[in-house]
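Any read-out appearing in this document is the output of simple, stated calculations on the displayed coordinates, not a laboratory observation. Bear in mind that the values here come from a model prediction, so they are computed numbers and not experimental data. When we count neighbours, we look across all protein chains shown, and the Cβ atoms used for this are built from the backbone with ideal geometry, even at glycine.
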Amino acid sequence: MIVAFREPQLTWDLGRDVAQLFDYPFMVNALRAGTIVAVVAAVIGWFMVVRRQTFAGHTLALVGFPGAAGATLIGVSATYGYFAFCVVAALVIAALPRAQRTGYSEESAVIGVVQAFALACGFLFVTLYAGNLNGINALLFGSFLGITEVQVATLLVAGLAVVAVLAVVARPLLFASLDPDVAAARGVPVRLLSVGFLVLLGVAAAEVSQVTGTLLVFALLVLPAATAQAITLRPAASIATAVALALGVTWVGMGISYYSPYPIGFWITSLAFGLFVLARVGRLVLERRPRRAGPDGPIGSVAPVGSVGSVGPVGPVAPREVGA
């Protein structure tokens, strides 16, 4: 018996349209996986933006492509390739000492070399694969099709591990990120924290790649975090905002992608970018508000981001600019 398949279509019954997303096991698994990677990406991405390591995060995301392609080539699950290559690349990047006062040119050069070599290996693995690698677009641009319960469980275990470690080291990591020299003088293991953070970033990039694709991991790693830091600079509130934004764009992006022929990565990236633009525009409007005089001087103005000792509507600003 042949069963006709009809493309899902949006109706005026929004409640029924949302409920339909849970009618199929593959979509339920996709929503579970998307929720996990959104939370992990928002938390780790917030620290990545503060530490100005977005280039490293971008490279670790791209490394997931040769990892998945290489795993497919040797006949194992692409999930193992994502994690293996991303963690190894993180260790390679972490092996280079960061320059403290002369900039990060040497580290950036090594990161660029790792990125170029990884992409070259990825295309080599795709070429060597004897079969028809139909999932090449999914590896690059993401897909919610074919996510299994085993993959969801793997993502959950890895995500819980990343969040748990970050919760333990959050305070010293933030201190070392804002002022590494003072942190080192106070006995904070700055070097160890840097290596550990890059490994966590590699695990997070491997997770997110399995939903958004390796080319669009930046959408969840950077945009929600950068948007949240444009809204508030208080660490706890900013991280919570980043998580909420990441969950929102992931759920809405998956829902729209289910009812449209366009890939999930496009919708997640577009929604996250739109929110970032709105947040930045809103902040610029607040900063340009006319001041009104108070008993202790002008009040009602917004301090520029990064100004030393300034206090704005989002609270005290760190001694150095927070965010990229």
Seminar exercise, completed: Phi-derived 3J(HN,Hα) across segment 18-35 with the Karplus relation (6.51, -1.76, 1.60, θ = phi - 60°), rounded Hz, x for Gly and Pro, is 5, 5, 5, 4, 9, 7, 10, x, 5, 6, 5, 4, 5, 5, 5, 4, x, 5
Problem set entry | Mean Cβ count within 10 Å, highest first, over the residues of peptides 265-276, 178-189, 232-243 | 265-276, 232-243, 178-189
Seminar exercise, completed: Over the Cα atoms of segment 175-214 the radius of gyration and the largest Cα-Cα distance (Dmax), both in Å, equal 13.8, 41
